[in-house]
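Structure first, commentary second.
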Amino acid sequence: MRSVMGDLFHQLEDLSTSNWFYLVIFVIAYLDSMIPIVPSETMVILGGVAAGQGDLALPLVVLCGAAGAFCGDTTAYLIGRHFSPWLRAHVFNKPKGQARLEWANEQLRKRGGVLLLTARFIPGGRTVVTFSSGMTRQPFRRFVLFIAIAGTCWALYASLLGYVGGKTFTNNHFVAFLVAFGCALAVSAVIELVRKAREKRREHRTASVEQETAKT
């Protein structure tokens, strides 16, 4: 497995020094909005590493990542809006998928734009949220505004992680990528932990209010 991963990384490393990698970043970021197993952070971070070592231009890496994320999220919204019955029957038909969909619907009702911003930084979470936004017919203009902000911030942070790593480990792409990718995973984990902690506090407050109401 280590050998396979090493070979794959070296192939991506070679590709990341080419201008074609801008297109790869856009396409992968686009697909990741609908297929969460596609590693968009990986591509953007690799682009940042290459930019840090002088092979690519950082502004173009950010632009391609943000544009791909924006177009992918918009496509997911439109699919959710126009093909909701099919998605419920074939994509979110399992109990886990249904639970995620119900959670996203409830959170969109309560938090709306804030959820769109934070979900972009949680792999898999953004897919459910964008589809749910279309399926629940969230206002399109409002949706577009928040995903544009979220996609830009996401592309900027991922590419900068790679850029700093590329600058720090100039002669070792692999170490630069590992450090940057590890930081990206840590950020996603912290965001998810904070979200869960806040959700538990809200549930606790709601339960307390209900108990007080019942007593009175």
Read phi for every residue in region 155-168 and hand back ³J(HN,Hα) as whole Hz from Karplus 6.51 cos²θ - 1.76 cosθ + 1.60, θ = phi - 60°, with x for Gly and Pro.
5, 5, 5, 5, 5, 5, 4, x, 5, 5, x, x, 5, 6
Cβ under 12 Å from Ala150's Cβ, Ala150 left aside: what net charge do those residues give with Lys, Arg +1 and Asp, Glu -1?
+1
What nm distance separates the two modelled labels at Val144 and His82, each placed 7 Å from Cα along Cα→Cβ?
1.5 nm
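Read-outs: derived from the displayed coordinates by stated rules, not from any lab. On a predicted model such as this, the values are computed, not experimentally measured, just so you know. Note that each Cβ is placed from the backbone with ideal geometry, even for glycine, and that neighbours are counted across all protein chains shown.
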